[in-house]
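In what follows, a structure is listed as structure tokens, so that the remarks can point back to it.
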Amino acid sequence: MAAQETADRPAPDPRLKVLKKFRGKFLPKGTLRERHRELMKRWDSGDDHAGVTFEELKALLDDWRNDQALRRNPKAAEA
């Protein structure tokens with residue numbers, strides 16, 4: 001019975017998995033926060049999410065993670 005229910009359900013949007021990683025997280029002032037605000041305005045604009053792509057969200061997440069790593073270990077940026 002469970003296999004039949006999962007077959008009828010559409011596949012989840014892969015963008016949601018990336019978007020959930022920002023929930024409740026701190027984004028420092030600057031370009032990362034501005035990019036996040038811009039994406040969220042587009043995301044909330046309608047049912048089709050105004051063309052926000054998985055690649056845009058993934059790029060923002062990668063940039064945020066790199067920024068966090070540099071903030072934790074500033075000497076790594078010098079090397």
In the stretch 45-79, the residues that are aliphatic (A, V, I, L, M) and not in a helix (DSSP H, G or I): 52, 79
Extreme residue, nearest to residue 14 (Cα to Cα), among residues of the stretch 45-61 that are surrounded by 11 or more Cβ atoms within 10 Å (Cβ to Cβ) and without any contact (Cβ under 8 Å) to a residue 40 or more places away in the chain: 53
Taking the options 42, 35, 15, name whichever one is within 8 Å of the chain's Cα centre (by Cα), surrounded by 14 or more Cβ atoms within 10 Å (Cβ to Cβ) and in a helix (DSSP H, G or I). 15
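Every number in this text was worked out from the coordinates using simple rules, so none of it is lab data. In this text the structure is predicted, and so the values were computed from the model without any measurement. Please note: Cβ atoms are built from the backbone with ideal geometry, for glycine as well, and neighbour counts cover all protein chains shown.
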